[in-house]
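A.B. asks: Below: one structure in structure tokens.
The values are calculated or read from the model by the stated rules, or taken from the named source; none is laboratory data. Computed from a predicted model, the values in this text were never measured in an experiment. Because the Cβ atoms are built from the backbone with ideal geometry, glycine has one as well, and the counts that use them run over all protein chains shown.
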């Protein structure tokens, strides 16, 4: 629930921790600076993030009902929310824990017990960096600096990649190797190139295209969810529904019911 305390900024921060005392402590340190929401575990937090899209997330690592590592991985692999900064709080302090945090693209890693001023400065720094990126993007759109454009070769490559995916949309065997072979790239090369152009791995990009096309088919209202799942290459209906919810925050059934309103 959002705090009623008057805040100094518009930024919305979500705190995720199943330890109520720590959750409330972090909230008390930040609620005069930001609009603070709270979640008790990763699963509850993910639902909130998909629908509310907070400006920053502070999560404990060790939690029931989806831990902080899994939560961070799901956030950073979802194109709709992967721009949101994530700070992980943990009692661990080993090299392999740092390596895991870096591998899942966590934006900061703070060890408990922590100095609240360090936490505040980390939050402020991440939000400021995000704001600078947004300002730079808007400046480019306004033409104040020379815009960054894809090279013609990259345009052609992306058109080819999208055509291959759409032409094989119903084929559940479409994967990174098949996509790479079709454009004449190795698995490593196609992974690096798509990551560079889209910010996503080939697997995530293929899944996103499948789900975007699924949403378009659901808009037609004359197909069942099972027919749509088959049409976009999902063998399992439960996997399709789970993937759809993970990307859009609602199930295919809920999406179809919303279209009737």
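A.B. asks: Are any residues in the range 40-53 crowded, with 20+ Cβ neighbours inside 10 Å and within 12 Å of the chain's Cα centre (by Cα), and if so, which ones?
C.D. replies: Just the residues of the range 40-53 that are crowded, with 20+ Cβ neighbours inside 10 Å, to begin with: 42, 45-46, 49.
Of everything in the range 40-53, those that are crowded, with 20+ Cβ neighbours inside 10 Å and within 12 Å of the chain's Cα centre (by Cα) turn out to be 46, 49.
A.B. asks: Given the range 201-261, what helices (runs of 4 or more DSSP H) lie entirely inside it while holding 1 or more residues that are over 23 Å from the mean Cα position of the chain (by Cα) and surrounded by fewer than 16 Cβ atoms within 10 Å (Cβ to Cβ)? Talk me through it step by step, then tell me what you get.
C.D. replies: On the way: elements: 202-218, 225-231, 237-248, 252-260.
Once the helices (runs of 4 or more DSSP H) in the range 201-261 are filtered for at least 1 residues that are over 23 Å from the mean Cα position of the chain (by Cα) and surrounded by fewer than 16 Cβ atoms within 10 Å (Cβ to Cβ), what remains is 225-231, 252-260.
A.B. asks: Count, please, the residues in the range 29-42 that happen to be touching a helix residue (DSSP H, G or I) at 6+ places or on another chain (Cβ under 9 Å), without any contact (Cβ under 8 Å) to a residue 40 or more places away in the chain and not in a loop (DSSP other than H, G, I, E, B).
C.D. replies: The first filter runs over the range 29-42 and keeps only residues touching a helix residue (DSSP H, G or I) at 6+ places or on another chain (Cβ under 9 Å), leaving 29-30, 33-34, 36-42.
The next check asks that each one be without any contact (Cβ under 8 Å) to a residue 40 or more places away in the chain; those that pass are 36-42.
Among the residues that remain, those that are also not in a loop (DSSP other than H, G, I, E, B) are: 36-39, 42.
Residues that pass the stated criteria total 5.
A.B. asks: Just give me the residues in the range 10-25 being outside any strand (DSSP E or B) and farther than 16 Å from residue 63 by Cα, in sequence order.
C.D. replies: Kept after step one, since they are outside any strand (DSSP E or B), are these residues of the range 10-25: 10-11, 17-25.
Residues satisfying the conditions are 10, 11, 25.
A.B. asks: Can you tell me how many residues within the range 182-191 are assigned to a helix (DSSP H, G or I) and either surrounded by 14 or more Cβ atoms within 10 Å (Cβ to Cβ) or in contact with a helix residue (DSSP H, G or I) (Cβ under 8 Å, 6 or more places away or on another chain) (or both)?
C.D. replies: Of the range 182-191, the ones assigned to a helix (DSSP H, G or I) are 182-183, 187-191.
After this cut, where a residue has to be either surrounded by 14 or more Cβ atoms within 10 Å (Cβ to Cβ) or in contact with a helix residue (DSSP H, G or I) (Cβ under 8 Å, 6 or more places away or on another chain) (or both) as well, the list is 182-183, 187, 189-191.
Counting residues in the range 182-191 that are assigned to a helix (DSSP H, G or I) and either surrounded by 14 or more Cβ atoms within 10 Å (Cβ to Cβ) or in contact with a helix residue (DSSP H, G or I) (Cβ under 8 Å, 6 or more places away or on another chain) (or both) gives 6.
A.B. asks: I would also like to ask the following. Tell me yes or no: at least one residue of the range 123-141 is out of contact with any strand residue (DSSP E or B) (no Cβ under 9 Å at 6 or more places or on another chain), in a loop (DSSP other than H, G, I, E, B), modelled with pLDDT under 85 and assigned by TED's automatic domain parsing to the domain that holds residue 42. Write out each step before concluding.
C.D. replies: Filtering the range 123-141 for residues out of contact with any strand residue (DSSP E or B) (no Cβ under 9 Å at 6 or more places or on another chain) gives 124, 128-129, 131-141.
Restricting the remaining residues to those that are in a loop (DSSP other than H, G, I, E, B) gives none.
No: zero hits.
A.B. asks: Restricting attention to the range 57-78, report how many residues are in contact (Cβ under 8 Å) with a residue 40 or more places away in the chain and closer than 23 Å to residue 204 by Cα.
C.D. replies: Qualifying residue count for the region: 6.
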